[in-house]
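Worksheet: one structure, shown below.
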Amino acid sequence: LGEVRAIELQVVGAQLQAENITTLADYRQKGPKEKLVARSLENVIEDCGTANEAAARTVLFLLTNENGTRPLKSREDLETDLVDLGLTADINKLDLVLDVLVGSGLLFLVPENPDDRYQLVHDYLVSFIRQQQAELIAALEQEREQDQKQDSAAFRPAAIAPNGYLGLPSPDQLLKPHQASAIVAPLKLALIVFLAALIVAILTLDLNPAP
């Protein structure tokens, strides 16, 4: 026979009562125990309120580790984690979410100096939480990486353009070839005429010096 954990009895027993499962037939229809545990977690998350459900899911995930353990974290630790995930809007929901999760029995509140810390009540819950929230956290991390790439691109120095200016197009790039030729040709002619006139004036001065 498999071992029955006390936390399983607590969580599953509470869910049996919540769903009014009183017979073996009911249990077989609505179970097994893994589904009951998952629904129990969902019920607690819903108790946080619709506007706070995403924050509650994130907090539960942040109180787990990949190796299946339950890290002790202070409120400040959780706030830092939320900032790292780009979820600064959830910080003002943190106190309410923590109060509900502690009140439900899912979290321990461990009094410590200088800051109290929070921890899941049992390692048994870690795998359920990580399975449920893995997709949400993966999406958040992907969104954060995309934001970081966009920020990096926004501050990247402009490349030196062929015309020697930073990111500034040349007249030929702004205009179609026939339009550029129509504008540039008269300008070149005017410049030649101006230079010719300037040379004539200088020569005239040399030939006729002032008295």
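The values are calculated or read from the model by the stated rules, or taken from the named source; none is laboratory data. Owing to the predicted nature of the structure, the values given are computational and were not obtained by experimental measurement. Virtual Cβ from ideal backbone geometry, glycine too; neighbours counted across all protein chains shown.
Exactly one residue among 45, 7 is hydrophobic (A, V, I, L, M, F, W, C), modelled with pLDDT under 70, closer than 16 Å to residue 106 by Cα and surrounded by 16 or more Cβ atoms within 10 Å (Cβ to Cβ), and that residue is 7.
Looking only at residues in region 85-107 that are in contact (Cβ under 8 Å) with a residue 40 or more places away in the chain and within 14 Å of the chain's Cα centre (by Cα), which one is nearest to residue 48 (Cα to Cα)? Residue satisfying both the conditions and the ranking: 87. Do we find a residue being modelled with pLDDT under 90 and surrounded by 15 or more Cβ atoms within 10 Å (Cβ to Cβ) anywhere in region 88-102? Scanning region 88-102 turns up no residue that is modelled with pLDDT under 90 and surrounded by 15 or more Cβ atoms within 10 Å (Cβ to Cβ). Can you spot a residue in region 99-120 that is in contact with a Cys (Cβ under 9 Å, 6 or more places away or on another chain) and among the hydrophobic types (A, V, I, L, M, F, W, C)? Yes, region 99-120 contains at least one residue that is in contact with a Cys (Cβ under 9 Å, 6 or more places away or on another chain) and among the hydrophobic types (A, V, I, L, M, F, W, C).
The set of residues in region 67-119 being among the basic types (Lys, Arg) and in a helix (DSSP H, G or I) consists of 75, 93.
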